[in-house]
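S.K.: Pasting a structure here, questions to come.
The values are calculated or read from the model by the stated rules, or taken from the named source; none is laboratory data. Owing to the predicted nature of the structure, the values given are computational and were not obtained by experimental measurement. Quick reminder, even Gly has a Cβ in these numbers, built from the backbone with ideal geometry, and neighbours come from all protein chains shown. Note: accessible area is taken over every heavy atom of the protein model, side chains too, but ligands, DNA and RNA are not part of it. Shrake-Rupley method; radii C 1.70, N 1.55, O 1.52, S 1.80 Å.
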Amino acid sequence: MGNEAKAKLFVISAPSGCGKGTLLNELSKRFDYYYSISCTTRKPREGEVDKVHYFFITDDEFKALADSEGFLEYADFSDHSYGTPRKPVEENLSEGRDVLLEIEPNGAFQVKKKRPDAVMLFILPPSVASIERRLRRRALESGETEEQIQARLKTVVPDIERAYDYDYVMVNGDLDKAVEDLVKIYRLAKEGGAGLEEFSAANMKETIDEVLENA
Ligand code: 5GP
């Protein structure tokens with residue numbers, strides 16, 4: 001005891017449709033952290049449960065929370081607002097429990113500004129085409145319209161362009177390898193980050209370039 005690593009705040013961004021759900025589910029089996037539940041003004045998709053996947057709230061409720069400093073960060077994405085409730089993040093960290101936020105880049109950089117010790121990880125798709133395929137498949141199940149798919153696709157390249165400024169970058173290609181990488185990043189980042197050079201944004205630059213060039 002005594003040399004236990006301090007509670008860490010992990011901020012993970014990955015374009016929607018990149019398959020991060022499965023990955024994060026695997027991570028949650030191996031580590032104990034508080035997974036932040038965001039507020040959003042979008043409607044629930046089929047299977048999504050209020051207060052489990054999101055707090056689904058109205059525009060007015062969102063605005064009231066934003067005005068009363070209720071959010072650690074918030075941003076608009078694809079015509080809706082998303083925000084991280086501030087209190088649970090602060091409470092868990094002060095109790096010594098890691099916290100994981102899964103948010104888009106505008107919000108992620110707001111968090112980094114407020115908490116420079118946050119660990120920022122970007123999960124890249126193997127290609128932009130793979131995202132489009134996944135979004136279209138999901139749209140068939142959830143009834144999303146072509147317009148909604150296009151709105152999401154529009155943010156993919158600009159989001160990936162922000163990957164250069166994260167602490168760590170990894171690719172969600174082969175699932176087993178991606179789980180292994182994510183677990184390694186989590187474990188070593190908690191211990192201060194030594195041994196994670198292969199995932200630094202500088203070392204991942206060519207991979208990011210490649211995904212963008214082929215977009
Ligand atoms: P979706 O609508 O597919 O659940 O999420 C759309 C995007 O919003 C994803 O990139 C997701 O990471 C992001 N997001 C989810 N919650 C938050 C949040 O609290 N704050 C911000 N800034 N982005 C969020």
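S.K.: With respect to Ala178, is the statement that it is at pLDDT 95 or above, under 17 Å from the mean Cα position of the chain (by Cα) and not charged (D, E, K, R) true?
M.R.: Working: at pLDDT 95 or above: yes; under 17 Å from the mean Cα position of the chain (by Cα): yes; not charged (D, E, K, R): yes.
Judged against the criteria, Ala178 is a match.
S.K.: Something else about it: Suppose we filter Glu95, Glu146, Glu161 for residues that are in contact (Cβ under 8 Å) with a residue 24 or more places away in the chain, farther than 23 Å from Cys39 by Cα and open to solvent by 40 Å² or more (accessible area, probe 1.4 Å); which single one remains?
M.R.: Step by step, each of Glu95, Glu146, Glu161 is checked, and only Glu161 is in contact (Cβ under 8 Å) with a residue 24 or more places away in the chain, farther than 23 Å from Cys39 by Cα and open to solvent by 40 Å² or more (accessible area, probe 1.4 Å).
S.K.: Let me ask something additional. Kindly indicate whether any position in the range 42-57 is at positive phi and among the acidic types (Asp, Glu).
M.R.: No: zero hits.
S.K.: If you don't mind, there's one more thing I want to ask. If a residue has to be under 21 Å from Leu100 (Cα atoms) and exposed (fewer than 14 other Cβ atoms within 10 Å of the Cβ) to count, how many in the range 49-76 make the cut?
M.R.: 6
S.K.: Residue check, Val99 against (1) in contact with a Phe, Trp or Tyr (Cβ under 6 Å, 6 or more places away or on another chain); (2) farther than 20 Å from Ser13 by Cα, all met but one. Which one?
M.R.: Single failed check for Val99: (2).
S.K.: What about Gly17, is it within 26 Å of Ala163 (Cβ to Cβ), within 12 Å of the ligand (Cβ to nearest atom) and exposed (fewer than 14 other Cβ atoms within 10 Å of the Cβ)?
M.R.: no
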